[in-house]
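Working notes, structure below.
The values are calculated or read from the model by the stated rules, or taken from the named source; none is laboratory data. Just so you know, these numbers come straight off a predicted model, no measurement behind them. Ideal geometry is used to build each Cβ from the backbone, glycine not excepted, and the neighbour counts take in all protein chains shown. Surface areas here come from the heavy atoms of the whole protein model, side chains and all, with no ligands, DNA or RNA. Shrake-Rupley method; radii C 1.70, N 1.55, O 1.52, S 1.80 Å.
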Amino acid sequence: MKLYGTMEIGPNGHLYIGGCDAVELAKQWGTPLYVMDEAEIRRRAKAYKQVLAENYPDSRVIYAGKTFMTTAMCRIMEEEGLGLDVVSGGELYTAIAAGFPTENIYLHGNNKSEAELEMALEHRVGRIVVDNLYELETLERLASARKEKVQILLRVTPGVEAHTHSYIRTGQIDSKFGFGLENGLAKEAVERALQLQYVELIGLHCHIGSQILGLDSFDVTIEVMLDFVAKLKAELKWECRELSLGGGLGIRYTAKDEEVSIEEFGTRIANKLKSEAEKLSLDLPTLVVEPGRSIAGEAGTTLYTVGSIKEIPGIRKYVAVDGGMGDNPRVALYQAEYQALLANRANEPATDVVSIAGKCCESGDMLIWDLKVPEPKSGDILAVFCTGAYNYSMASNYNRLPRPAVVLVKDGNADLIVKRETYEDLVRLDTVPARLASKKMKIAL
Ligand code: LLP
């Protein structure tokens, strides 16, 4: 089985991540536990920076915070010289709390509230990626009230279908995101933006989907976007100075997924952009990419403790763990597939086939179907791989399960970067109207 990042199997047969024994991590911090491999996160961030520095120096790498965002992650991204894509006031607040340089922040979202836009202007974020006309007009009004210009990109829906799960496609024409290209709305939006006084249109943005392993969809996107850029130059005399291709590069969750490296991706898009620009006699725009999953995904592992084991003769063996759809909703949402091993018996032969169930009151709360492992026993530690992207960030308190802690491991050290929620946290925001209160209640009114 493929091990990711700094993982290795120690002489004691335990899984090690970042030089830390996963069994000890589970003992020290409890389970479920998200473990993030700092060296792997940094290696991937560096790989993006380097491949673009070599092939397309006028470029920016913006980490998509929706993937996995905490204040510590913001610090790592800043140290690696990446910018940040945020999609809400909450993500922006997290970045500000971490002291992230706001000029390197891009604010996204298809329905930014006025309060979120005000917050972005107040903190002078680098770019606002405008999604619709309502937002464009609101932004002009807010910026003019401040008498300050704001630099924007317009989000375009290029109508390219990425080869990925349909729920996470965002580039097709029938999309809640952005201005359609083929139906002329994108051009109209550019025309409108150019009439405005406080909004400065710097460039265009697109994002065609996520977990994309077929690089040809990026080629097509570049062709479509540059044709549009050429048309805008010819018809409106407007030059696109910055072109963001969004995120989307996939990772290898299981052996079914092809392995596509950041180097291959970076070289491919850089070369394609240069050749298309040359063909159309366009100046090269600044290239922006917004990777998320391909930075954090493979760097994350979730540790669980095995509890009940239920064999249904002739049908299947259910092995239940102490987490599930609350900490990883991707299986229920997208039928995502994961690999895993027993962290305390990592070098034993996989002689059993079991299905890993979560502990939520829902039949759909499954983590892995038909996993090959040594025969599991209650108390074993199961390590599920590639949970660094869209797990912690999409976690919920369904069934009032406290969300797990996150530890960052590197060179044999483990640091807590998100505390485990407690039962007190679960009731912290509850209030009880006086008419329902009783003397027996243990929470302060
Ligand atoms: N930029 C924009 C505008 C995006 O909408 C996204 C992801 C990214 C960048 C980062 O894409 P990445 O490099 O991570 O593919 N929850 C889903 C994924 C939703 C992706 C949404 N947008 C999942 O768990 O698979």
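For the chain, report the accessible area per residue in Å² (1.4 Å probe, heavy atoms, rounded to an integer).
44 Å²
What stretch of the chain, leaving out the sites themselves, is the longest with no trypsin sites (Lys or Arg not before Pro) in a DSSP loop having at most 13 other Cβ atoms within 10 Å?
Free of exposed loop sites, the longest segment is 3-123.
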Next item on the list: Only Cα pairs under 8 Å and at least 6 apart count here; give the relative contact order of the chain as a rounded whole percent.
Entry: 19 percent
Check: Using the alpha-carbon atoms, what tilt in degrees (0 to 90, nearest 10) does helix 262-279 show relative to the longest principal axis of the chain?
Finding: 10 degrees
Check: Which residue, Leu282, Leu408, Leu382, has the most motion in a Gaussian network model of the chain that connects Cα atoms within less than 10 Å?
Finding: Leu282
Item checked: Descending Cα extents along the principal axes, the stretch 22-141, whole Å -> 55, 39, 23
Notebook entry, point to check: What ranking of Ser393, Ser217 comes out by heavy-atom accessible area, probe 1.4 Å, highest first?
Noted result: Ser393, Ser217
Checklist line | In order through the stretch 82-97: 3J(HN,Hα) via Karplus (6.51 cos²θ - 1.76 cosθ + 1.60), integer Hz, x for Gly, Pro | finding: 8, x, 9, 9, 10, 10, 6, x, x, 5, 5, 4, 4, 5, 5, 4
Next item on the list: Using only the Cα atoms of the stretch 1-71, build the gyration tensor, take square roots of its eigenvalues as a ≥ b ≥ c, and label the shape rounded, prolate or oblate: rounded if a/c is under 1.5, else prolate if a/b is larger than b/c, else oblate.
Entry: oblate
Margin query: Whole angstrom only: what separates the Cα centroid of the stretch 65-119 from the Cα centroid of the stretch 214-269?
Written below: 23 Å
Next item on the list: Give the percent of DSSP beta bridges with both residues in the stretch 180-321 that are antiparallel, rounded to the nearest 5.
Entry: 40 percent
Item checked: Partners for Lys231 among aspartates and glutamates (Cα-Cα distance below 18 Å; same-chain residues under 8 apart left out) -> Glu182, Glu188, Glu191, Glu223, Glu239, Glu242, Glu276, Glu278, Asp283
Next item on the list: Kindly express, to the nearest 10 degrees and within the range 0 to 90, the angle between helix 38-55's C-alpha long axis and the longest C-alpha principal axis of the chain.
Entry: 30 degrees
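For the stretch 237-317, report the convex hull volume of the alpha-carbon atoms normalised per residue, in Å³, without decimals. It would help to have the intermediate numbers written out before the result.
Details: hull volume 13.1 nm³, N = 81.
About 162 Å³ per residue, rounded to a whole number.
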Check: Pick from Ser281, Ser294, Ser261: which is most flexible by mean-square fluctuation in a GNM of the chain where alpha carbon atoms under 10 Å apart are linked?
Finding: Ser281
Margin query: With θ taken as phi - 60° and the coefficients 6.51, -1.76 and 1.60, list the Karplus ³J(HN,Hα) couplings across the stretch 317-328 in order, rounded to whole Hz; mark glycine and proline as x.
Written below: 10, 8, 10, 9, 10, 8, x, x, 5, x, 9, 9
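Give me the net charge for the shell around Arg293: Cβ to Cβ below 12 angstrom, other residues only, Lys and Arg +1, Asp and Glu -1.
Numbers: positive: Arg44, Lys66, Arg252, Arg330; negative: Asp257, Glu290, Glu298.
Neighbourhood net charge equals +1.
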Notebook entry, point to check: Which of the lysines could a cross-linker bridge to Lys149, judged by Cα under 25 Å and excluding same-chain residues fewer than eight apart?
Noted result: Lys112, Lys187, Lys233, Lys237
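Per the 1.4 Å probe, what fraction of the accessible area of the chain, in percent, lies on carbon and sulfur atoms?
Numbers: 9720 of 19490 Å².
Carbon and sulfur together cover 50 percent of it.
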Next item on the list: Would you mind checking the pairs Lys147/Lys176; Lys176/Lys279; Lys27/Lys410; Lys256/Lys359; Lys2/Lys310 and listing those with alpha carbons more than 21 angstrom apart?
Entry: Lys147/Lys176; Lys176/Lys279; Lys256/Lys359; Lys2/Lys310
Margin query: If you take every DSSP beta bridge fully contained in the chain, what fraction is antiparallel? Give it as a percent rounded to 5.
Written below: 45 percent
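Compactness ratio of the chain: Cα Rg over 2.2 N^0.38 Å, N = residue count? Could the numbers behind the result be given before it?
Details: Rg = 23.6 Å, N = 445, 2.2 N^0.38 = 22.3 Å.
So the Cα radius of gyration is 1.06 times the expected 2.2 N^0.38 Å.
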Checklist line | For the stretch 123-257: Kirkwood Rh in Å [reciprocal of mean 1/r, alpha carbons] | finding: 15.6 Å
Check: If contacts are Cα pairs under 8 angstrom and at least 6 residues apart, what is the relative contact order of the stretch 125-238 in percent?
Finding: 30 percent
Check: Cα-based Rg (one decimal) and Dmax (whole number) for the stretch 384-445, in Å?
Finding: 16.9, 55
Check: Ratio of Rg to Rh for the stretch 316-445, alpha carbon only, Kirkwood?
Finding: 1.07
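Dividing the convex hull volume of the alpha carbon atoms of the stretch 202-257 by its residue count, what do you get in Å³ per residue?
Details: hull volume 3.5 nm³, N = 56.
Measuring per residue, one finds 62 Å³ for the Cα hull of the stretch 202-257.
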Check: Once the Cα atoms of helix 133-146 and of the chain are each reduced to a long axis, what angle between those two axes, in degrees from 0 to 90 to the nearest 10, is obtained?
Finding: 80 degrees
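So what is the relative contact order for the stretch 308-364, in percent, with contacts set as C-alpha pairs under 8 Å and at least six apart? Show your work: numbers first, answer last.
Numbers: 51 pairs, mean separation 27.0, N = 57.
Relative contact order comes out at 47 percent.
What is the Cα convex hull volume of the stretch 88-160 when expressed per residue in Å³? Don't skip to the end; give the middle numbers.
On the way: hull volume 6.7 nm³, N = 73.
Each residue corresponds to 91 Å³ of Cα convex hull volume.
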